[in-house]
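Chemist: If you scroll down you'll find the structure; I have some questions about it.
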Amino acid sequence: MVVTDGVVSLKHLVSMEILSNEEVLGLIKRGLAFKKKEVSFTLDRQYFAANLFFESSTRTHKSFEVAEKKLGLDVIEFDAKTSSVNKGETLYDTILTMSALGVDICVVRHSDEDYYKDLIDSRTVQTSIVNGGDGSGQHPSQCLLDLMTIYDEFGSFENLKIAIAGDITHSRVAKSNMQILKRLGAQIYFAGPKEWYSPEFDIYGRFVAFDDIVEQVDVLMLLRVQHERHDGKDSFSKESYHKLYGLNQARYDRLKDEAIIMHPAPVNRDVEIADNLVEASKSRIVAQMQNGVFVRMAIIEAILHGKV
């Protein structure tokens with residue numbers, strides 16, 4: 001993986017760990033260049049992309065599709081509900097089929113963590129894999145759009161105080177972000193229910209009470225409560241969660257004037273964040289969704305560049 005003339009070259013993008021700081025910044029800056037229409041892109045041949053989502057998704061799925069079409073790729077329709085998965089076909093064989101058909105890029109979301117290992121190690125599978133989320137593991141494209149949003153706001157990550165608050169244990173967004181943000185020089189804090197936090201994250205930041213950090217942070221990164229990944233044994237009250245760990249008006253008013261609020265969405269309104277604050281002046285939730293298209297254009301360009 002290299003960066004030449006501002007363009008990163010990748011064979012796959014499955015996790016943030018495989019990217020150097022130079023490559024991360026290269027993808028962010030390229031995404032910003034696409035957003036500002038400072039660069040043009042032309043294909044040297046016909047390319048095909050397939051988005052294989054085995055878990056529900058709106059933002060990630062559709063923003064990849066928009067990014068692919070903006071770059072001129074032909075997008076192959078795929079619906080897991082009507083595919084041969086229902087006949088017992090494995091994920092490996094589904095991807096093997098796409099590769100044999102000449103699909104250049106497969107964006108995959110799957111419930112199994114590290115689903116991609118057999119795919120990228122295969123000598124037969126030639127298609128490039130972009131991880132659209134693997135269980136509670138990684139979500140590199142979401143991480144990159146989050147980084148792009150922060151970089152666009154502050155121009156740097158060094159010494160920024162960033163709080164990641166909510167359902168941390170079950171969040172692939174949190175896991176991707178905490179690793180790379182620390183590497184880029186940010187100070188990380190964690191907040192939320194103690195039972196949804198793991199000591200393994202202590203190497204990246206410090207667990208604190210929400211109200212002890214809210215006035216200090218530059219970035220408040222809220223996380224969705226992921227009920228689908230809980231075992232059903234947790235008693236949960238929306239009202240109680242919002243009172244203890246959510247961003248209400250009183251906490252919002254304590255944020256620094258220049259602080260920003262982020263959330264990967266979908267937002268549970270009046271749970272992680274008060275309904276009236278989703279589009280407040282300090283919120284960058286809509287900007288994150290917009291940035292998702294442009295950073296995914298940069299990812300796809302990097303994959304295609306790696307094929308030249």
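Chemist: Tell me, yes or no, whether segment 38-59 has at least one residue that is of a type outside the set (Phe, Trp, Tyr) and assigned to a helix (DSSP H, G or I). Step through it out loud before you land on a result.
Modeler: Of all residues in segment 38-59, those of a type outside the set (Phe, Trp, Tyr) come to 38-40, 42-46, 49-52, 55-59.
Next cut, assigned to a helix (DSSP H, G or I) only: 59.
Checked segment 38-59: at least one residue is of a type outside the set (Phe, Trp, Tyr) and assigned to a helix (DSSP H, G or I).
Chemist: Looking for something within 22 Å of residue 204 (Cα to Cα), surrounded by 23 or more Cβ atoms within 10 Å (Cβ to Cβ) and touching a Pro at 6+ places or on another chain (Cβ under 8 Å) - is there at least one such residue anywhere in segment 140-157?
Modeler: Yes; the residues of segment 140-157 include at least one that is within 22 Å of residue 204 (Cα to Cα), surrounded by 23 or more Cβ atoms within 10 Å (Cβ to Cβ) and touching a Pro at 6+ places or on another chain (Cβ under 8 Å).
Chemist: If you don't mind, another one. Any chance segment 182-194 includes a residue that's over 18 Å from the mean Cα position of the chain (by Cα), modelled with pLDDT under 95 and open to solvent by 50 Å² or more (accessible area, probe 1.4 Å)?
Modeler: Looking for residues that are over 18 Å from the mean Cα position of the chain (by Cα), modelled with pLDDT under 95 and open to solvent by 50 Å² or more (accessible area, probe 1.4 Å), one finds at least one in segment 182-194, hence yes.
Chemist: Then there's this: Would you please list the contacts, defined by Cβ atoms under 7 Å and residues six or more apart or on different chains, that run from a residue in segment 203-216 that is part of a helix (DSSP H, G or I) to a residue that is surrounded by 15 or more Cβ atoms within 10 Å (Cβ to Cβ) and of a type in the set (S, T, N, Q)?
Modeler: Note: no pairs meet the criteria.
Chemist: Might you let me know whether segment 198-216 holds any residue that is open to solvent by 40 Å² or more (accessible area, probe 1.4 Å), out of contact with any helix residue (DSSP H, G or I) (no Cβ under 7 Å at 6 or more places or on another chain) and among the polar types (S, T, N, Q)?
Modeler: Yes, segment 198-216 has at least one match.
Chemist: Further, regarding this structure: Scan 273, 260 and give me the residue that is within 30 Å of residue 68 (Cβ to Cβ), at pLDDT 95 or above, open to solvent by less than 10 Å² (accessible area, probe 1.4 Å) and not assigned by the TED database to the domain that holds residue 35.
Modeler: Values: 273 fails: within 30 Å of residue 68 (Cβ to Cβ).
Just one listed residue meets the conditions, 260.
Chemist: If only one of 22, 17 is modelled with pLDDT of 95 or more and either part of a loop (DSSP other than H, G, I, E, B) or open to solvent by 20 Å² or more (accessible area, probe 1.4 Å) (or both), which one is it?
Modeler: On the way: 17 fails: modelled with pLDDT of 95 or more.
It is 22.
Chemist: So in segment 85-112, with the set limited to residues that are closer than 22 Å to residue 58 by Cβ and assigned to a loop (DSSP other than H, G, I, E, B), which one is most open to solvent (accessible area, probe 1.4 Å)?
Modeler: 112
Chemist: Related question: Would you check if residue 70 is open to solvent by 80 Å² or more (accessible area, probe 1.4 Å), modelled with pLDDT of 95 or more and under 16 Å from residue 299 (Cα atoms)?
Modeler: On the way: open to solvent by 80 Å² or more (accessible area, probe 1.4 Å): yes; modelled with pLDDT of 95 or more: yes; under 16 Å from residue 299 (Cα atoms): yes.
Yes: the conditions hold for residue 70.
Chemist: For a quick check of your reading of the model, give me the residue pairs whose first member lies in segment 223-245 and is farther than 14 Å from residue 210 by Cβ, whose second is of a type in the set (D, E, K, R) and at pLDDT below 70, with beta-carbon atoms closer than 9 Å and at least 6 apart or on different chains.
Modeler: Hits for this filter: 227/234.
The values are calculated or read from the model by the stated rules, or taken from the named source; none is laboratory data. Computed from a prediction, not measured in an experiment: that's the story for all the values here. No Cβ is skipped: glycine too gets one built from the backbone with ideal geometry, and neighbour counts run over all protein chains shown. For accessibility, only protein heavy atoms count, side chains too; no ligands or nucleic acids. Shrake-Rupley method; radii C 1.70, N 1.55, O 1.52, S 1.80 Å.
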